[in-house]
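Below: one structure, written as structure tokens.
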Amino acid sequence: MAKIKSTFFCQHCGAQFAKWQGQCTSCKSWNTIAEELIQKPDKKDWKSPDRVTNAKRIAKPLKVSEIDTTKEARYTTDDQELDRVLGGGLVPGSLTLLGGEPGIGKSTLLLQISLKLPYKTLYVSGEESQQQIKMRAERITAQTDNCFILTETKTQNIFKQIETIQPDIVIIDSIQTLHSDYIESSPGSISQIRECTTELIKFAKETATPVLLIGHITKDGTIAGPKILEHMVDTVLQFEGDRNHVYRILRALKNRFGSTAELGIYEMLGNGLREVHNPSEILISKKDEELSGTAISASIEGMRPLLIEVQALVSTAVYGTPQRSATGYNLKRLNMILAVLEKRVGFRLGAKDVFLNITGGISVDDPAIDLAVVAAILSSNEDIAIPKEYCFAAEIGLAGEVRPVSKVAQRIQEAEKLGFTTIFVSKYNKIALKNTEIQIQQVAKIEDVVEHLFG
Ligand code: TYD
Ligand code: MG
């Protein structure tokens, strides 16, 4: 029988201590250290024996030129948004963690994918019964007969089922509900999560099976469990969006096999998640009359051009200190832009409240949105609407200069495709585009834009 030992773990960062203490010396957080029982596994466990012998790969050192990459062919998931975020599909033997707030649609997304997949999939749920999953599957119309549903939380039993079913892809909903016999502590505790993930990694690597894990997130938005969970897996995806909004955004926070700049956009419908292939259409509110305070930015998220609507409201401050608030945009950057407008263009915004909102519930890092922010603020301040066929793509510098941005040709083409007639870009952007009908206004300073818009 194995020896039982107890150790103390920080519930925040996963650091291990020999005795209890008030503050974690590793991450400096207070009252996060808890005692957990650890049972060292017996030598004779599933991890060492037969699995290794029938493993599809046995590691041996190879030169880079000798490594055969054709074996790494990816499993495409028939979901273009997910495939793009993953960097072209699931990599054999990889572990992908999907995090997100409760109710956002993690289970729906992965169940929908398992039902569409042409491969044999095992969907293991520790959260819902088979009947509940069946009810959900009936809402999502696309169905195949390749998907097996298992309700089980003990890893040893899951592996037994895997051995009989031999699935191509394994999905676990969720990692926090799993428990391993080798560890005494309760499911969801740090040592359980760590042990179950280790077992799954071992399984994935030895059999070259991709494993998708669903992970809960805590109140402050990080994936529950030890931080090392994110280090252990190959890819960390986040499913986000306001629960009251119908749109959901899938992004990669970490990706060993692709870029982390890509976004996947979905719409939650009554019959599952719909992939949104042309996000610009949903991000721009369709309105007939022109309203002051809105401007459209030709942005790029990852490799994909995206037209995004910026809304600003400038009003006289009710209280002594004016309020500044930004949703989806960096507040510090908003303050910087307001200072530039005050100092370089002479707009008196010091006694005004300024509210800024990026519609669609997404947050934007692309600096090319700056010019649209400026245009929206000025439009609201002047109460003059910007023609709805205009869009913007440039960064603003501290001197009030309009700076060039990357991939300008792509932005212009997307704007043209969506029916915009004029795009404002920096004078310093070299544009080698032929046969464009859209009018390209190249401006050097904010004053030039003001001149064009408000005369
Ligand atoms: P769910 O996948 O259970 O979320 P998570 O696993 O992240 O906790 O999502 C549940 C929500 O999605 C719930 O509010 C109902 C809604 N929903 C739809 O709107 N349409 C559907 O087709 C399905 C299956 C769920
Ligand atoms: Mg769920």
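No value in this document is a laboratory result; all are computed from the given coordinates. Nothing here was measured: the structure is a model prediction, and the numbers come from that model. In this analysis, Cβ positions are derived from the backbone assuming ideal geometry, glycine residues included, and neighbour counts consider all displayed protein chains.
General remarks:
- Unsatisfied cross-links (Cα-Cα over 19 Å) in the set K106/K202; K5/K202; K106/K134; K407/K430: K106/K202; K5/K202
- Each part gets one Cα centre, and for the range 154-197 versus the range 107-133 those centres are 16 Å apart.
- Legend: residue pairs K120/K154; K60/K160; K205/K254, Cα-Cα distance threshold 23 Å; pairs beyond threshold, K60/K160.
- Annotation: peptides 77-85, 107-115, 443-451, ranked by per-residue average of other Cβ atoms within 10 Å with the highest first, follow the order 107-115, 77-85, 443-451.
- Highest average first, the peptides 367-374, 14-21 ordered by how many other beta carbon atoms sit within 10 Å of their residues are 367-374, 14-21.
- Qualifying trypsin sites (Lys or Arg not before Pro) for the range 335-433 [loop in DSSP, other Cβ within 10 Å: at most 12]: R348, K430
- Taking a ≥ b ≥ c as the square roots of the eigenvalues of the Cα gyration tensor, an a/c ratio of 1.5 or more together with a/b larger than b/c marks the chain as prolate.
- Set K63/K116; K332/K445; K352/K417 screened for pairs whose C-alpha atoms are more than 29 Å apart: K63/K116; K352/K417
- Reachable aspartates and glutamates, given that their alpha-carbon falls under 16 Å from the alpha-carbon of K19 and they are not under 8 places away in the same chain: E35, E36
- For the range 76-275, share of DSSP beta bridges that run antiparallel, in % to the nearest 5: 40 percent
- 222 nm mean residue ellipticity, helices alone, for the chain (DSSP H n ≥ 4; -39,500 (n - 2.57); rounded to 500): -7500 deg cm²/dmol
- Lacking any other cysteine beta-carbon closer than 4.7 Å, the following Cys residues of the chain have no compatible partner: C147, C196, C391.
- Antiparallel content of DSSP bridges confined to the chain, in %, to 5: 55 percent
- Under 5 Å from the amide H of I217 lie the amide H atoms of G100, A224, each residue being 5 or more positions distant or on a separate chain, with H modelled from the backbone and absent for Pro and chain starts.
- For the pair K5 and H231, label points projected 7 Å from Cα toward Cβ lie 1.9 nm apart.
- Cα gyration tensor category, rounded, prolate or oblate, for the range 76-275 with a/c compared to 1.5: rounded
- Loop sites in the range 299-404: chymotrypsin sites (Phe, Trp or Tyr not before Pro), DSSP, at most 11 other Cβ within 10 Å: Y319
- Under 20 Å from the Cα of K388 - aspartates and glutamates, other chains or at least 8 residues apart: E281, D288, E289, E290, E309, D370, E414, E416, E437, D448, E451
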